[in-house]
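Read the structure below first, then the notes.
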Amino acid sequence: MKKLKLHNSSYKVLLQNFKEWLDILGYAEKTVYLIPIKIQEFFYWLEQKGYNGIDHITPTEVKAYYQYLKQRGNERKSGGLSNCYLNMHQSALRKLREYLIAHNANTPLRIHLKHEENDTQERSNILTQPEVKTLFEATDYSHFWEHIRLRDKAMLTCLYSCGLRRTEAVSLEISDILFDRQRIHVRKGKNYKERFVPFNEYSLRTLEDYIYEARPTFYNADSSEALFISTKGTRARGQTFYNRVKQISKATEDKTIIEKDISPHTLRHSIATHLLEQGVSIESIKTFLGHSSLVSTQIYTHLLKTITDE
């Protein structure tokens, strides 16, 4: 159903913003890919029924859509859709409703399902600034080898202090670290957009220690221009970043941090929230994170409010 083509411009914009919202909140790549596909089918169904927006969608229409799904044939094999697949559609609609509520959308859309739970992921896994400090301190003992520990600290610097996406950090070259300007040149940002991200003196020293002291000791380091390399001498992959963040978290022995089940995206999520807490303008945060529009960045305004209201 991902091939269904939407014609309504409001649906297309809403779908794109919804997908960016999921990405910003740190959902898994598979989730960010699959859930919007389910919403795309819902919007396509609405188009076919003559609905030009979600403002007048009621539980009656949602139930009618469920009936349609139960009768729709399975594209991959004979028969209808499985209960698991139907549940995925229900979950997608719940997420859409959460998105609309988070953005104060004036919509009567109501999705009444059994076992509907309040999703607190968007605020429960955000690190506090003291917790971030604890993570950085844990890199002093996060691995037996010093060069791995220094790489751990440099990874945290790029993911938290510079707010890079994991894919952006993976793609960095040594030449992208502009020490004289205290900037990181992100050449392979989302949608191929370039940007320059500033870093402070502490980050400068951290990156220098890694590049000039630790990196040369990695196996076959001279054969790659990648900033972050693996123990095999090749460019470190995204899974390496994920695994090291988990290991650093475990090394803290801090139950609260460990239970937050943080990932590389959590660090980006946290720095954006911390900047907002410190009074940095939403426009500056947008540029820092490399968002294409303020709509994507404004989620942090809502997020900060939910945290302070707790």
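Values for this structure:
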quantity	calculated
Distance (nanometres) between label positions extended 7 Å along Cα→Cβ at residue 259 and residue 33	3.3
Separation in nanometres of the label points that stand 7 Å from Cα toward Cβ, at residue 49 and residue 145	5.8
Fluctuation leader among 188, 250, 30 - the chain, Gaussian network, Cα springs under 10 angstrom	30
The range 1-45, dipole about Cα centre (Lys/Arg Cβ +1, Asp/Glu Cβ -1), debye to the nearest 20	220
Using alpha-carbon coordinates, inclination of helix 238-251 to the longest axis of the chain, degrees	70
Packing-based order for 199-209, 93-103, using average beta carbon neighbours within 10 Å, highest first	93-103, 199-209
Value of Rg/Rh across the range 124-308 [Cα atoms, Kirkwood radius]	0.95
Bins of 20 Å from zero: percent of alpha-carbon pairs in the chain	30, 50, 20, 0
The chain - charge dipole about Cα centre, Lys and Arg +1 at Cβ, Asp and Glu -1, debye rounded to 20	1480
FRET efficiency, 1/(1 + (r/R0)^6) with R0 35 Å, evaluated for residue 232 and residue 202 via beta carbons	0.70
Structure-based [θ]222 nm, the chain - -39500 (n - 2.57) summed over DSSP H runs of at least 4, per residue, nearest 500	-16000 deg cm²/dmol
Calculated FRET efficiency for the pair residue 16/residue 175, C-beta based, R₀ 35 Å, to 0.05	0.60
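Throughout, read-outs are computed from the coordinates displayed, never taken from laboratory work. If you're wondering where the values come from, they're calculated on a predicted model, not measured in any experiment. Note: ideal-geometry Cβ built from the backbone for every residue, glycine included; neighbour counts use all protein chains shown.
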